[in-house]
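What follows is a single structure, written as structure tokens, with notes after it.
The values are calculated or read from the model by the stated rules, or taken from the named source; none is laboratory data. Please read all numbers here as calculations on a predicted model, not as lab measurements. Cβ coordinates were reconstructed from backbone atoms using ideal geometry, including for glycine residues, and neighbour counts include every protein chain displayed. The area values use the complete protein model at the heavy-atom level, side chains included, leaving out ligands, DNA and RNA. Shrake-Rupley method; radii C 1.70, N 1.55, O 1.52, S 1.80 Å.
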Amino acid sequence: MRIAVTGVSGRMGGMLVQAVDADDRVRLAAALERPGHDWAGRDLGLAMGGPERGLAVTDDPERALEAADCVIDFTAPAATVALARVAARTGTAMVIGTTGLSDDDIAALDRAGRDVAIVRAGNMSLGVNLLTSLVSRVAASLGVEYDIEVVEAHHNRKVDAPSGTALMLGEAAARGRGVSLEDVADRGRDGMGARAEGDIGFHAIRGGGIVGEHQVHFAGPSEVLTLSHSATDRTLFARGALTAALWTASRGPGHYDMVNVLGLD
């Protein structure tokens, strides 16, 4: 499978390039950066501080996607939405790990998903997606007397909060209870006021080089059940993205997630 990777100068982009290079089922067909970036026009290998590899970084999304069967994108919401429009035109499948997407952004991805297969997930790891399924089941089993709190911790350069994974877990809990997360989310408490029954709380920690830690607490009148996941190596997200990319080869248009990819639905 021919893969395009966006944001190749970034930490995640570099990991995706390495993951593609290490997997003989795929090959890197295009390396994309934003218009005007210093890497545009340079050989990717040299730009990454290694040997020349004969593939120039491009800042032309149309050109990059026309060369690929699937594009993997872990960038920023505006860039992701713009790229999805291009993918719909070129017929290129998309794997999206971008977080911080608004409802309007997701609606735009839904529209692109009418033409191509799009896999979007706030977290690409197998463990997190299993955790999501467990959270939904536990929330469905326990009543509202069990308060749900989602706590997440990430490195100090992460720009969005709560994390995309925390929101995935909150959505799973809300789904288990048959409610809309928008109606019950309680983010970043400060000041006076008691906790409302049925709310799902979110708390974000930012510091150092924490890769990613998530906990979901179900706090009842006399017991607390905690489900948790810790990521120790960012390469797991790149490997998950490749799994999703390969999965798109046998799927028609649609807006999917990792639960679909892993067969957990």
Check your understanding: Within region 50-58, is even one residue in contact (Cβ under 8 Å) with a residue 12 or more places away in the chain, polar (S, T, N, Q) and under 18 Å from residue 124 (Cβ atoms)?
Key -> no
Exercise for review: Note down all Cβ pairs under 7 Å where the first residue falls in region 145-167 and is over 12 Å from residue 216 (Cβ atoms), the second is aliphatic (A, V, I, L, M) and in a helix (DSSP H, G or I), and they're at least six residues apart or on different chains.
Suggested key: none
Point to revise | Options 196, 204, 219: the member that is farther than 21 Å from residue 74 by Cα and open to solvent by 40 Å² or more (accessible area, probe 1.4 Å) | key: 196
Check your understanding: Filtering region 84-106 down to residues that are of a type outside the set (Ser, Thr, Tyr) and under 19 Å from residue 238 (Cα atoms), which residue is farthest from the chain's Cα centre (by Cα)?
Key -> 93
Review point. In region 168-207, what residues are over 18 Å from residue 144 (Cβ atoms) and touching a residue at least 40 places away in the same chain (Cβ under 8 Å)?
Key: 168, 203, 204, 205, 206, 207
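Residues checked against (1) at pLDDT 95 or above; (2) part of a loop (DSSP other than H, G, I, E, B); (3) small (Gly, Ala, Ser):
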| position | (1), (2), (3) |
| --- | --- |
| 20 | yes, no, no |
| 31 | yes, no, yes |
| 53 | yes, yes, no |
| 63 | yes, no, no |
| 78 | yes, no, yes |
| 85 | yes, no, no |
| 89 | yes, no, no |
| 101 | no, yes, no |
| 111 | yes, no, no |
Check your understanding: Just to be sure, is residue 241 closer than 26 Å to residue 18 by Cα, open to solvent by less than 40 Å² (accessible area, probe 1.4 Å) and aliphatic (A, V, I, L, M)?
Key -> yes
Check your understanding: For the subset of region 15-33 comprising residues that are of a type in the set (Gly, Ala, Ser) and buried (at least 16 other Cβ atoms within 10 Å of the Cβ), which member is farthest from residue 70 (Cα to Cα)?
Key -> 19
Review point. Which condition breaks for residue 41 when tested against (1) within 24 Å of residue 249 (Cβ to Cβ); (2) out of contact with any helix residue (DSSP H, G or I) (no Cβ under 7 Å at 6 or more places or on another chain); (3) part of a loop (DSSP other than H, G, I, E, B); (4) not hydrophobic (A, V, I, L, M, F, W, C)?
Key: (1)
Practice item. Among residues belonging to region 107-145 that are β-branched (Val, Ile, Thr) and more than 16 Å from the chain's Cα centre (by Cα), point out the one that is surrounded by the fewest Cβ atoms within 10 Å (Cβ to Cβ). Key: 144
